[in-house]
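For reference, the structure is listed below as structure tokens.
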Amino acid sequence: MLEQANRALEQKVRKRTRELTEINARLRAEIDERRRTEEELRATQEGLIQAGKLAAIGQMAAGITHEINQPLSAIQMYADNALVFLDRGHVQDVRANLRNITELTGKMAEITRQLKTFARKSPGREVPVPIVQVLRNALVLLENRVKKLNACVKCNPAVWDDDLMVWGDPIRLEQVMVNILKNSLDAVAGSSVREISITLQEFQEKVVIHIRDTGDGIDPRDLNRLFEPFFSNRKDGKGLGLGLSLSLGIVKDFGGMIRMGNHPDGGAMATIELRRYTAKKKDEVWKT
């Protein structure tokens, strides 16, 4: 009876061991599948972010070409005049023309530098970022669009704190600001008053950015759908409908949040919350 009991126990142990082995194998397979799925999702998100950036660059291409052609024409004029002045021995005029050429090439270099930075893929590292510099870079990229619309961008306070830091990735945060500012510019395009105000608020643990426009505001029926991928309320059919969705994903990755709504005095307002950075010597701070 003891031997029979031992054999029965051994059979039960072997059966249970097989069951546990099969369960472990299924769990390992599920874990591997989930890991592959997460990697595919991450790669898809990276692809969508890059597609959104390239789409934004494509929309800005005509204006940027105009911005570069103007200084190029001026450089040619200054160079031709410098040759004439040189032949006549007017050294001071030559020097003045060369200074003007230097300033214009610097402006062109700034535009192309911002484009190269904006277009390249980000390593995705979270570092302390001067948020004011990110906003300035975004405004440089959209400068021609602002001029074309004869719009006014107001910054409050008028003098921004360059030492104000947030946690994030500079390239991705720049894309967020470009996406939201582009939406604001589109919103004011048909308005008689074309103003965009950017307000920075500093708190102990976060920095809040308000971007308000003087457009017609957001249809209340669309408020809950604004961050859905491929949703767009633009009547001209332009755009991928990914700007706000990608922007929200980027900001959430850094522990922040984006909210969209209508301002009581009219127009739409985007509110971007980012984690504030407190300086530490060992941290690597992003610089332009």
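Test Ala158 against the criterion of being farther than 19 Å from Phe203 by Cβ, assigned by TED's automatic domain parsing to the domain that holds Gly256 and either among the charged types (D, E, K, R) or assigned to a loop (DSSP other than H, G, I, E, B) (or both), and give yes or no.
yes
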Residue check, Ile171 assigned by TED's automatic domain parsing to the domain that holds Met269, within 30 Å of Thr278 (Cα to Cα) and among the β-branched types (Val, Ile, Thr): yes
Answer from Asp216, Asp283, Asp236 - the residue that is assigned to a loop (DSSP other than H, G, I, E, B) and either in contact with a Ser or Thr (Cβ under 9 Å, 6 or more places away or on another chain) or at pLDDT 90 or above (or both): Asp216
The stretch 245-259, residues that are under 16 Å from Arg212 (Cβ atoms) and buried (at least 18 other Cβ atoms within 10 Å of the Cβ): Ile258
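Could you check the stretch 261-280 and list, in sequence order, the residues that are surrounded by fewer than 18 Cβ atoms within 10 Å (Cβ to Cβ) and within 24 Å of Asp216 (Cα to Cα)?
The initial filter retains those residues of the stretch 261-280 that are surrounded by fewer than 18 Cβ atoms within 10 Å (Cβ to Cβ), namely 261-266, 271, 275, 278-280.
Within the stretch 261-280, Gly261, Asn262, His263, Pro264, Asp265, Gly266, Thr271 qualify.
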Candidate set from the stretch 9-47 (those that are hydrophobic (A, V, I, L, M, F, W, C) and closer than 30 Å to Leu244 by Cα); member that is modelled with the lowest pLDDT: Ala43
Odd one out for Val176 among (1) part of a loop (DSSP other than H, G, I, E, B); (2) within 26 Å of Ala279 (Cα to Cα): (1)
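Being out of contact with any helix residue (DSSP H, G or I) (no Cβ under 7 Å at 6 or more places or on another chain) and either at pLDDT below 90 or surrounded by fewer than 19 Cβ atoms within 10 Å (Cβ to Cβ) (or both) is true for just one of Glu103, Glu110. Which residue is that?
Numbers: Glu110 fails: out of contact with any helix residue (DSSP H, G or I) (no Cβ under 7 Å at 6 or more places or on another chain).
Unique residue meeting the criteria: Glu103.
The values are calculated or read from the model by the stated rules, or taken from the named source; none is laboratory data. Note that the structure is a prediction, hence the values are computed from the model and not measured. Positions of Cβ are generated from backbone atoms using ideal geometry, with glycine treated the same way; all protein chains shown enter the neighbour counts.
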